[in-house]
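The values are calculated or read from the model by the stated rules, or taken from the named source; none is laboratory data. Since this is a predicted model, take the numbers as computed values, not measurements. Don't worry about glycine lacking a Cβ; one is built from the backbone with ideal geometry, like all the others, and counts go over all protein chains shown. These accessible areas exclude ligands, DNA and RNA; they are computed on the full protein's heavy atoms, side chains included. Shrake-Rupley method; radii C 1.70, N 1.55, O 1.52, S 1.80 Å.
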Amino acid sequence: MVLAAATLAACAHEPTIERAQVERVISTLAADSMLGRRAFTPAAGQAAAFISAEFTDIGLERLHGLDDYLQRFTVSGPSSGNPMSAANVVGMIPGRRENEIVLFSAHYDHVGVGEPVNGDSIFNGANDDASGTTAVIELARYFKAKGRPERTLVFAAFTAEEAGGLGSRYFSQRLNPDHIVAMFNIEMIGKPSAQGPNHAWITGFERSSFGKILQDAVAGTEFAFDPDPYPQENLFFRSDNATLARLGVPAHSISTTPIDVDRDYHQVSDEVSTLDLDHLTNTIRAIAGGAAPIIAGDATPTRVDTAQVRRPSP
Ligand SMILES: [Zn+2]
């Protein structure tokens with residue numbers, strides 16, 4: 001009887017990914033006041049400050065050698081050559097295995113403000129990629145509540161993805177890629193896929209055993225992970241995962257948006273009102289479930305064959 005009571009108590013405290021938190025976070029990131037979060041602008045700094053505050057609230061640890069969650073870097077401006085600064089936002093949950101890292105990432109930058117369409121000039125980037133950034137924050141909250149993991153978890157909100165993946169490139173140079181066991185890069189999960197709700201797809205599915213591990217982990221649930229249905233779009237190479245994959249990391253993007261027909265992609269209409277927040281919440285929960293055996297050290301994806309990964313286009 002004592003055991004049963006203890007089990008009940010444990011169940012009552014089992015953390016969950018909550019829709020209300022998902023809605024609060026994505027609504028903040030994609031608000032007009034964030035001015036489209038363009039990298040190298042004060043608006044991006046405002047978004048980074050919000051993500052940092054969430055990481056503080058969650059209780060994430062900072063990377064070794066950093067005073068806060070900001071991983072700052074500078075590049076020279078395209079025309080002036082003057083230095084421009086930007087920052088990734090990175091936090092961690094140390095696991096029992098310090099040098100085996102499971103990375104969850106998304107880019108928090110978007111394209112900013114542009115020509116008005118029907119009086120709206122702000123590219124909110126709710127789906128691209130406030131949805132993924134929200135997932136990273138809520139996965140951090142969930143896994144922190146679950147207690148110390150076996151493998152170390154790193155949560156990265158990258159900047160300057162839209163400017164050519166500069167943030168992820170800087171990140172990849174600051175730690176040993178051989179220590180990254182898996183990279184869950186989360187891109188545009190706010191709209192149900194062409195296969196319907198409760199499906200997500202994985203770019204570069206055949207390049208490692210990452211996707212198969214996720215499929216097995218959610219088998220028996222209502223959710224399924226599929227190979228990327230749009231190979232002609234080259235999505236494996238169009239987000240931050242490619243930078244790490246070129247270093248051999250099983251680094252894949254997880255997405256759900258029907259990119260070939262999506263009317264809001266890189267438009268001022270990419271607003272929270274166009275998203276399905278139940279689908280978004282379910283997808284974050286499925287990613288948490290899919291990652292569980294990797295985090296526990298029970299499964300390890302095969303490495304990406306770097307000889308099979310194209311060089312970046314010039
Ligand atoms: Zn994106």
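Does Pro197 count as more than 16 Å from the ligand (Cβ to nearest atom), more than 18 Å from the chain's Cα centre (by Cα) and open to solvent by less than 30 Å² (accessible area, probe 1.4 Å)? The answer is no for Pro197. Being surrounded by fewer than 24 Cβ atoms within 10 Å (Cβ to Cβ) and within 16 Å of the ligand (Cβ to nearest atom) is true for just one of Glu187, Glu162, Glu150. Which residue is that? Matching residue, one of Glu187, Glu162, Glu150: Glu162.
Answer yes if at least one residue in region 216-226 is polar (S, T, N, Q) and within 16 Å of the ligand (Cβ to nearest atom), and no otherwise. Looking through region 216-226, none of the residues is polar (S, T, N, Q) and within 16 Å of the ligand (Cβ to nearest atom). In region 115-142, the residues that are more than 17 Å from Thr28 (Cα to Cα) and acidic (Asp, Glu) form Cβ pairs under 9 Å with partners that are assigned to a loop (DSSP other than H, G, I, E, B) and more than 10 Å from the ligand (Cβ to nearest atom), at six or more places apart or across chains, as follows: Glu115/Val268; Asp120/Val268; Asp120/Ser269; Asp120/Glu271. Residue-level analysis places Asp278 among those that are open to solvent by 50 Å² or more (accessible area, probe 1.4 Å), part of a helix (DSSP H, G or I) and touching a residue at least 12 places away in the same chain (Cβ under 8 Å).
Counting only residues that are open to solvent by 30 Å² or more (accessible area, probe 1.4 Å), without any contact (Cβ under 8 Å) to a residue 40 or more places away in the chain and either within 18 Å of the chain's Cα centre (by Cα) or at positive phi (or both), how many does region 63-82 have?
To start, the set of residues in region 63-82 that are open to solvent by 30 Å² or more (accessible area, probe 1.4 Å) comprises 63-68, 70, 72, 74-76, 78-82.
Cutting the leftovers down to without any contact (Cβ under 8 Å) to a residue 40 or more places away in the chain gives us 64-68, 70, 72, 74, 76, 78-82.
Those still in the list that are either within 18 Å of the chain's Cα centre (by Cα) or at positive phi (or both) too: 65, 70, 81.
So the answer is 3.
For region 201-216, the condition of being over 15 Å from Phe158 (Cβ atoms), more than 14 Å from the chain's Cα centre (by Cα), open to solvent by less than 60 Å² (accessible area, probe 1.4 Å) and of a type in the set (Ser, Thr, Tyr) holds for at least one residue. Taking residues in region 227-239 that are of a type in the set (Gly, Ala, Ser), and partners anywhere that are surrounded by 14 or more Cβ atoms within 10 Å (Cβ to Cβ) and outside any loop (DSSP other than H, G, I, E, B), the pairs with Cβ atoms closer than 6 Å and at least 6 places apart or on different chains are Ser239/Asn185; Ser239/Ser253.
Among the residues making up region 119-147, those that are open to solvent by less than 10 Å² (accessible area, probe 1.4 Å) and either closer than 21 Å to Gln267 by Cβ or of a type in the set (Lys, Arg) (or both) are Asn124, Gly125, Ala126, Asn127, Asp128, Asp129, Ala130, Ser131, Gly132, Thr133, Thr134.
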